[in-house]
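Q: Okay, handing you the structure first.
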Amino acid sequence: MKGSILAVDDTPHALKLLTDLLKSEGYEVRSAINGELALRAAEMNPPDLVLLDIRMPEMDGFEVCRRLKAMPATKDVPVIFVSAASESEEKVKGFSVGGVDYVTKPYQRDELLARAKTHIELNRLRNHLAELILERTEALKESEKKLRRSLLYSIAAIASTVEMRDPYTAGHQRHVAHLAAAISEQMGLGEEKIEGIRLAGVVHDVGKIRIPAEILSKPGKLTNLEFNLIRQHPKNGSDILKSIDFPWPISEIVLQHHERLDGSGYPAGLKGDEIMLEAKILAVADVMEAMSFHRPYRSALGVDEALREIEEKRGTLYDPEVVSACAALFREHFYAFPE
């Protein structure tokens, strides 16, 4: 079975159209015409996904989402808002109460189905990974290599799910992971720490799964609201990963990878030694990759321009030792991003 979906809309015609569409794609669908019925249905039999209208009488979609997130049985069920409300304020509020995505009516059939599939698969991967860690805790000492292979495959699956939504940055996480590991080796870090940095790189942008695809691929300048939504992705990623008992502080590295030495970064404005070394390495690798490759809002700037950027801001935004190691990789060892 593809999964079970709870569709919630106070308009009978719209609810029937949505239900019929999902059923035709092989999903098990239950429908609710108001918030109270939706909460009762979700608590009795938690679905894999909730598609939720916002503007409903008596109890709006925001309140339904809040209550779903407050109930133990449904707190981890992903909620996608499907609403005619298209203002940025509505979208930001939807994410603030726990929604994972937002689709504007009238929706495109393929877009809605793609987003539903993505969030169901991501949630299953996350749950599977958490279960995998719990099941193998006792066997960790004897089968560490096997466990790490399983972790790697699961992490790669999560990363690829994110990149499916943003074709303009396909390969970004893999490139960043490769460069971050190379910088770590250049700095002489131990094999154990390098492995953790590499895996953190593979999933450092997983929090972007909660950002609408049209914002990620927007060719023009972002509004303040849209930019603030983008700035939430380190926290979103950390929240997704923190319940998984990795052998490394993956969620904390992901949380800090946009912090800067002078405190101008986000989400917490950490300074200097408050930032983990692993996050400082990831920050430099992230900037190098982003400037070297094409983005929807600009052409690729190239490696030389990227090196100029990190060296000009060495000691201000970026760790001096990390910058030196990165520059040596490109200039002395002729490092190239993997294809």
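Q: Could you work out the per residue convex hull volume over the alpha carbons of the range 4-117, in cubic angstrom?
A: Dividing the Cα hull volume of the range 4-117 by its residues yields 86 Å³.
Q: Work out, in µm²/s and without decimals, the Stokes-Einstein translational diffusion coefficient of the range 186-248 at 20 °C, 1.002 mPa s, Rh from Kirkwood over C-alpha pairs.
A: Translational D for this selection: 158 µm²/s.
Q: Assuming 0.36 nm per residue, please report the length gained on full extension of the stretch ASN127 to ASP273 beyond their Cα-Cα distance.
A: 49.2 nm
Q: About the Cα centre, and with charges only on the beta carbon of Lys, Arg (+1) and Asp, Glu (-1), how big is the dipole of the chain? Nearest 20 debye, please.
A: Computed charge dipole of the chain: roughly 500 debye.
Q: Sorted from fewest to most neighbouring beta carbons within 10 Å, what does the list MET71, MET44 look like?
A: Sorted ascending by nearby Cβ count, the order is MET44, MET71.
Q: Report the percentage of all Cα-Cα pairs in the chain whose separation exceeds 32 Å, rounded to a whole percent.
A: Considering the chain, 34 percent of its Cα-Cα pairs are separated by more than 32 Å.
Q: State, as an integer percentage, the relative contact order of the chain based on alpha-carbon contacts under 8 Å between residues 6 or more apart.
A: In percent, rounded to a whole number, it is 11.
Q: While we're on this one: Quick one: putting +1 on the C-beta of Lys and Arg, -1 on the C-beta of Asp and Glu, what dipole do you get for the range 224-339 around its Cα centre, in Debye to the nearest 20?
A: 300
Q: By average Cβ neighbour count within 10 Å, what is the ranking of 210-221, 54-65 from highest down?
A: 54-65, 210-221
Q: How large is ³J(HN,Hα), in whole Hz, for each residue of the range 68-76 in order, when computed from phi with the Karplus curve 6.51 cos²θ - 1.76 cosθ + 1.60 and θ = phi - 60°, using x for Gly and Pro?
A: So the Karplus estimates, Gly and Pro as x, are 4, 6, 8, 8, x, 6, 10, 4, 9 Hz.
Q: Here is a further query. Restricting to Cα pairs below 8 Å that are 6+ residues apart, what does the relative contact order work out to for the range 4-117? Please round to a whole percent.
A: 22
Q: Quickly estimate the mean residue ellipticity at 222 nm for the chain, helices only: each DSSP H run with n ≥ 4 gives -39500 (n - 2.57), and the total goes over all residues, rounded to 500.
A: -17000 deg cm²/dmol
Q: In degrees, nearest 10, range 0 to 90: what is the angle between the Cα axis of helix 303-312 and the longest Cα principal axis of the chain?
A: 80
Q: Still on this model: Order these by the 10 Å Cβ neighbour count, fewest first: PHE337, PHE81.
A: The order, fewest Cβ neighbours first, is PHE337, PHE81.
Q: Separate question: Expected output is a single nm value to one decimal: the length gained when fully extending between GLU58 and SER324, i.e. 0.36 nm times separation in residues minus the C-alpha distance. What is it?
A: 89.8 nm
Q: May I pose another question? From the cross-link list LYS2/LYS75; LYS117/LYS271; LYS117/LYS280; LYS2/LYS193, which pairs have alpha carbons spaced over 32 Å apart?
A: LYS117/LYS271; LYS117/LYS280; LYS2/LYS193
Q: With unit charges on the beta carbons (Lys and Arg positive, Asp and Glu negative) and the dipole taken about the Cα centre of the chain, which residue among ALA32, ASN123, PRO72 sits farthest to the positive side?
A: Of the listed residues, the answer is ALA32.
Q: Now, a different point. For the range 210-339, state the semi-axes of the equivalent ellipsoid (square roots of 5 times the eigenvalues of the alpha-carbon gyration tensor), sorted largest first and rounded to whole angstrom.
A: 23, 21, 15
Q: Based on the mean of other beta carbon atoms within 10 Å per residue, what is the order of 188-199, 103-114, 319-330, most packed first?
A: 319-330, 188-199, 103-114
Any read-out appearing in this document is the output of simple, stated calculations on the displayed coordinates, not a laboratory observation. Bear in mind the structure is a predicted one, so any value in this text is a computation, not a measurement. Neighbour counts are summed over all protein chains in view; Cβ atoms, including those assigned to glycine, are modelled from backbone coordinates with ideal geometry.
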